[in-house]
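Everything below concerns the one structure shown next.
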Ligand SMILES: [Zn+2]
């Protein structure tokens, strides 16, 4: 009898453990962020759209958006995704010209001013993550000196192997080697999407009211590139870029997520920008 009771107790413990595991994994997939600001972090005029779509739209001028995203988690606090072009571009009336005017960057409002307007202090931001190293995504990481930078190790290595790193090597950072569930509940997940750069990453976000979103960084530049799986000629690795787009496509299908393409200005113009926000 005693032995029987021990077996029963054991089975009870197993059942309880199984129930706990089920509950936990259920919770892990259904966490949600409660607020997200889309911040206009700059825009550019480009003389030739085909720089992002070899052989297609040759000589067609295009304006591109450049958004930053500030996400709030109910327990975890503020998370910044991409940090936009340099603040001093806002002080340049004619913008910052690159490659003899091939791309001219502008900034209507400084990120610091946008944060002040919504009453978020840079020191309140717990995590900052950049999709990749390029200046239109990484220029203001050091504005958040206390935030832990979440970055793929290959991106970190490429940054500090090159000239003019966009942030200091002393910035607190966690170097990732793949996906990262930032708050442990599935609400904000960094997704490794190499190709545009060696350690490019995208973001899967679950917002309580808006639902699931993929913020694609520069895994894709325009809706037309997404629809046709076009890869910019300057990308680090074409095959990895296509594989990453396919991976994002699977995530979008699995979560019925919206795809928000950072540089697609036509799409960006339809979004609510700060001080308005998504819930
Ligand atoms: Zn970019």
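Assorted remarks:
- Extending 7 Å from the Cα toward the beta-carbon at both residue 170 and residue 279 defines two label points whose distance is 4.2 nm.
- Fewest neighbouring Cβ atoms within 10 Å first, the residues 240, 146 line up as 146, 240.
- Cα gyration tensor, the chain - rounded (a/c under 1.5), prolate or oblate: prolate
- Degrees, to the nearest 10: 2-30 long Cα axis against longest axis of the chain: 20 degrees
- A quarter of the convex hull surface defined by the alpha-carbon atoms of the range 80-235 gives 10.6 nm² as the mean projection.
- Shape category assigned to the range 109-153 from the gyration tensor of Cα positions, a/c cut at 1.5: oblate
- Most mobile listed residue (75, 201, 258) in the chain, GNM with C-alpha springs under 10 Å: 75
- Debye intensity ratio in log₁₀ form over the Cα atoms of the range 126-215, taken at each q of 0.16 Å⁻¹: -0.62
- Note on the chain: with a GNM built from Cα contacts shorter than 10 Å, the maximum mean-square fluctuation among 217, 76, 195 falls on 76.
- The range 199-267: C-alpha gyration tensor shape, a/c 1.5 cut-off, then a/b vs b/c: prolate
- Among 112, 216, 202, the largest mean-square fluctuation in a Gaussian network model of the chain, built with springs joining Cα atoms closer than 10 Å, belongs to 112.
- DSSP beta bridges in the range 198-279 [antiparallel fraction, %, rounded to 5]: 60 percent
- For the chain, calculated [θ]222 nm from helices alone, where every DSSP H run of n ≥ 4 adds -39500 (n - 2.57): -8500 deg cm²/dmol
- Angle of helix 238-255 to the longest C-alpha principal axis of the chain, folded into 0 to 90 degrees and rounded to 10: 50°.
- Take every DSSP beta bridge whose two residues both sit in the chain; close to 70 percent of them are antiparallel.
- FRET efficiency, 1/(1 + (r/R0)^6) with R0 22 Å, evaluated for residue 242 and residue 161 via beta carbons: 0.30
Laboratory data are not the source of any read-out in this text; all were calculated from the coordinates shown. Computed from a predicted structure; not experimentally measured. All Cβ positions, glycine included, derive from the backbone under ideal geometry; neighbour counts span all protein chains shown.
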